[in-house]
Every structure is written in C-alpha cells, then in structure tokens.
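To keep things clear, I will list the structure first and then write my remarks on it.
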Amino acid sequence: MMAMVMMLFCIPLIGVEARQVVVERRNLLANGLGKTPPMGWNSWNHFFCNINEKIIRDTADALVSSGLAKLGYRYVNIDDCWAEHDRDSMGYLVSRRSTFPSGIKALADYVHSRGLKLGIYSDAGYQTCSGTMPGSLGHEQKDAETFASWGIDYLKYDNCNNEDLKPMKRYPEMTRALMSTGRPIFLSICEWGDMHPALWADRLGNSWRTTMDIQDTWESMVSRADENEVYAEHARPGGWNDPDMLEVGNGGMSNDEYIVHFSLWAASKAPLLIGCDVRNMTNETLTILGNDEVIAVNQDPLGVQAKKVRMEGDHEVWAGPLSGFRTVVVLLNRSPEFRPITAEWDDIGIPMNTVVEVRDLWEHSTLEKRFVNRLGVNVRPHACKMFLLTPRPLSQ
C-alpha cells in the first residue's frame, strides 16, 4: 500500500520535472523579442562585401526620410565583411579601419539617434562565409559581450567554415552567451535549412533560415517560398521561418514578380528585410515595400504563417488566418499566361455559406460585391492577387 502511495505521489512529480525541463529548453533564448517578424534592411543582397559606415548611416537616413521607418522597418543590419581579418591581441573583433574607421559603437549610436536599431553579422564557424573576417566559434562569450557593449540589437549568425561540427552544438553557445549579457539581441540563425532548424531552433533563436541564399530571379524566389512553406506549422510569435532577405528593387525581376515576392513573404510571416539600395529606390520599389496593408498582414498579432492550400498545375491558392476572424488569401499564377484562379472556402478555412467582404490589398480597394463559398479572379502571368477576407452579416 505504501509503495502504491509513493507511486501516486511520484508520478505527478516526475511529470512536473519533465515539464520544467521542457520549459527551460524552450526558453533558452528568453529575450522577449520577435513578437512579430522583424522588419528592416540588410546590406548583403545589394552591396555584398562593398560596405562602409557611410552607406550604413545614409541607409538609416533613407529609411527615415522615405517613411519606411514609420511603417516598421527599424533594423539596419550590417552583413559580412565589416571586421578586420584577425582579432586583436586580446582576442576581440575589430571593425575594419578602412571602411568603418569610427567603429561600430559610434555607428550604433548614430543609428539609435535616428530611432532605429543596429544589427551585425557573425558566423558559427572559424571564419565568416566571405573568409575575410573571423567567425565566433570558440569566442561566443567574448563576441556577445562585445556586441552588447557596442549597443547591437540584432545578430545574423551564419554557418560557414565550421569543420562539420553539428549546428545543434554550435548555435546554443551563442544563445547562452547573448543571454548572459543582459542585452536583448534578436538572434537570426542562418543555418540555411541544412539540418531543418525549424524543428529545433525555436528554443535558440528568434528566426531561422529554412533555405539556401535567395537570388534576384523569379525561379529562386518562388522556390524559396516553397521550401519555407513546408515548415509553416513551426512559425509563431517569438520565432519565425526565414526564407532569406528581400530582393525587391534589385532589378532582376519584373514589378509583378516583386509584388508576388513581397506578398508571399508577408503572408508567410517571414522577416521583411529590405535588400536593395534604399538611398536610390524607384517609386515602384517604394510602393511595394511601403504597402501598409500588406505589412499589416505580416505583422498581424496572431502570428500564423499562411500555407499553400490548393495547387492546380501552375496556379496556387495560399491562405492563412489573421486576428479578428479574418483571412489572407494570395492567388498565385506561376504560368506565363493569364489564369483564372478560385479560392474555395473549404480550402481556406472559412465555414461554408459565410458571407465575406473582400479587400484587394494591392489596389487598396474593397470589392463592391460580397462573396459566398468561393472567390475567383483572373490573374496576370507571373503575378498574384492578395485579398483580405472579413466575415460580414448578409444585411451589411
């Protein structure tokens, strides 16, 4: 009898202990950041290694003067090639004197003075991907403390030159180091999707790459969207799937294709990190990046990633729930010809016979007609239509 009593008391205790372990593991990165996907700018897609402190300062100014900062584009992220090839005699990273002579701390102070946040880049290997500067492997604590002392707000942490050490061993070291500094720093795990980080990185980072690097082509862009969509169930407030940075405005795609790009990234709750030269944007580029209705879908507090709910040849329906019982729908035409595309309520998760009001997010107009059970339109080649569906009483 006593043994039975002991067993009865031990079982829940074991359960509590197990739950505590799970909570501890999930909260390894408890920085309170990333409640919605991050928005900002990154230097790599346009400038690659050709960066300097003037470009970063001018970009911060351009985000403010263009109005993009007010829309939520707050992170100004320096990518690879910002540091000297070797650490100093004390083992610290040193900004490249020829391109960042004022130092990163002064640059962070300037970016902060503009009401923005500064991001930086390192690598979970012995060298970064460019091979021009040291990685942080084995120096995680020192580098995290350095970044915090400079006022860094965001760290993109890459995956090159790691001597085949498992990412599940390398990335937690930087997570712990960042947490120990006491400064909230958004951690972007750039593991390229090799070991399916969506399955394990939610306790380590605020976002995780699900794909290899994007290129400024239609084929590359839609393939990254496809690869990212596989992991839709793993996105949530505090941790996001990342199909790589935006190519909008870099010139390799048509305007319609860039609208598809931005629509899919927004609906997929991907980080919206501009990758073009915002100092010299066209009006068309600014119109895409500055679409506040599409941005609102990305930043919706429900934080549910849209999924591909219907495929018929080269046209698709993507959909996802939003707060307030609303639904976002993207009708995507991958073909080189016009296509009629229809979203069925059964596919997109709306109860049958529900009457909905339809808002066209790129035309910024509400359709006069109410829709029941389905929504169909003609879509241009390599283009999409993006709609916000809101249930309405029939009498309204």
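The values are calculated or read from the model by the stated rules, or taken from the named source; none is laboratory data. Please read these numbers as outputs of a predicted model, since none were measured by experiment. Cβ placement follows ideal geometry from the backbone for every residue including glycine, while neighbour counts extend to all protein chains displayed.
Only one of (1) free of Cβ contacts under 8 Å to residues at least 40 places away in the same chain; (2) assigned to a helix (DSSP H, G or I); (3) basic (Lys, Arg) fails for Arg310. Which number is that?
Only one criterion is unmet by Arg310, namely (2).
To keep it simple, each residue is scored yes or no on (1) in contact with a His (Cβ under 6 Å, 6 or more places away or on another chain); (2) basic (Lys, Arg); (3) farther than 30 Å from Glu293 by Cβ; (4) modelled with pLDDT under 95.
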{"site": "Leu13", "(1), (2), (3), (4)": "no, no, yes, yes"}
{"site": "Ala60", "(1), (2), (3), (4)": "no, no, no, no"}
{"site": "Val76", "(1), (2), (3), (4)": "no, no, no, no"}
{"site": "Lys105", "(1), (2), (3), (4)": "no, yes, yes, no"}
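Given Gly115, Gly125, which one is closer than 29 Å to Ala266 by Cβ and touching a residue at least 12 places away in the same chain (Cβ under 8 Å)?
Gly115
Scan the range 147-165 and give yes if some residue there is at pLDDT 95 or above, part of a helix (DSSP H, G or I) and either within 22 Å of Trp208 (Cβ to Cβ) or under 23 Å from the mean Cα position of the chain (by Cα) (or both), otherwise no.
Looking through the range 147-165, at least one residue is at pLDDT 95 or above, part of a helix (DSSP H, G or I) and either within 22 Å of Trp208 (Cβ to Cβ) or under 23 Å from the mean Cα position of the chain (by Cα) (or both).
Among the residues of the range 277-293, which ones are buried (at least 20 other Cβ atoms within 10 Å of the Cβ) and not in a helix (DSSP H, G or I)?
Met281, Asn291 - these are the residues of the range 277-293 that are buried (at least 20 other Cβ atoms within 10 Å of the Cβ) and not in a helix (DSSP H, G or I).
For Ser180, indicate whether it is out of contact with any Lys or Arg (no Cβ under 8 Å at 6 or more places or on another chain), of a type outside the set (D, E, K, R) and free of Cβ contacts under 8 Å to residues at least 24 places away in the same chain.
Spelling it out, it is not the case that Ser180 is out of contact with any Lys or Arg (no Cβ under 8 Å at 6 or more places or on another chain), of a type outside the set (D, E, K, R) and free of Cβ contacts under 8 Å to residues at least 24 places away in the same chain.
Only residues that are in contact (Cβ under 8 Å) with a residue 60 or more places away in the chain and either surrounded by fewer than 24 Cβ atoms within 10 Å (Cβ to Cβ) or not in a loop (DSSP other than H, G, I, E, B) (or both): list them for the range 205-225, please.
If we filter the range 205-225 for residues that are in contact (Cβ under 8 Å) with a residue 60 or more places away in the chain, which is where we start, we get 205-207, 214, 216, 218, 222.
Selection gives Ser207, Ile214, Asp216, Trp218, Val222.
Can you name every residue in the range 304-345 that is in contact with a Leu (Cβ under 7 Å, 6 or more places away or on another chain), farther than 20 Å from Asn378 by Cβ and charged (D, E, K, R)?
Answer for the range 304-345, where residues must be in contact with a Leu (Cβ under 7 Å, 6 or more places away or on another chain), farther than 20 Å from Asn378 by Cβ and charged (D, E, K, R): just Arg326.
For Leu137, are the conditions met, namely being of a type outside the set (S, T, N, Q), modelled with pLDDT of 95 or more and under 18 Å from Ala62 (Cβ atoms)?
no
Checking Ser122 against (1) surrounded by 21 or more Cβ atoms within 10 Å (Cβ to Cβ); (2) under 23 Å from Leu286 (Cβ atoms); (3) polar (S, T, N, Q), which single condition isn't satisfied?
(2)
Provide a single number: the residues in the range 294-343 that are more than 19 Å from Lys269 (Cα to Cα), buried (at least 17 other Cβ atoms within 10 Å of the Cβ) and not basic (Lys, Arg).
4
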